[in-house]
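J.: Provided herewith is a single structure, encoded as structure tokens, for subsequent inquiry.
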């Protein structure tokens, strides 16, 4: 199981989310640690940016992350789909 680290940008973006979306992010993070390939996450590499991935929080929200050595996943940002992927 990977260990999750959160960047300061992720923490700040998470704090600004509505409480119901924060709950969905917590669930998505749990799924990411249990099974990074869980179907509901729809995890995939972001095109044109090597080593950065996106995962689905819900229909409108995404989170981005990178895989680091030592089975560590660093969360980069979370937000509305286009906003999160504009600057992953």
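J.: For a footprinting-style exposure proxy, rank 78, 25 by other Cβ within 10 Å, fewest first.
T.: Neighbour counts put them in this order, fewest first: 25, 78.
J.: Just subtract the alpha-carbon distance of residue 50 and residue 7 from 0.36 nm times their residue separation and send over the number in nm, one decimal.
T.: 13.7 nm
J.: Related question: Can you give me the distance in nm between label points at residue 82 and residue 20, each placed 7 Å from the Cα along the Cα-to-Cβ direction?
T.: 2.2 nm
J.: Percent relative contact order of the chain, based on C-alpha pairs within less than 8 angstrom and at least six residues apart?
T.: Averaging sequence separation for qualifying contacts and normalising by length gives 32 percent for the chain.
Quick note: the coordinates plus some simple rules give every number you see, no bench work behind them. Just so it is clear, the structure is predicted and the values come from calculations on it, not from any experiment. Because the Cβ atoms are built from the backbone with ideal geometry, glycine has one as well, and the counts that use them run over all protein chains shown.
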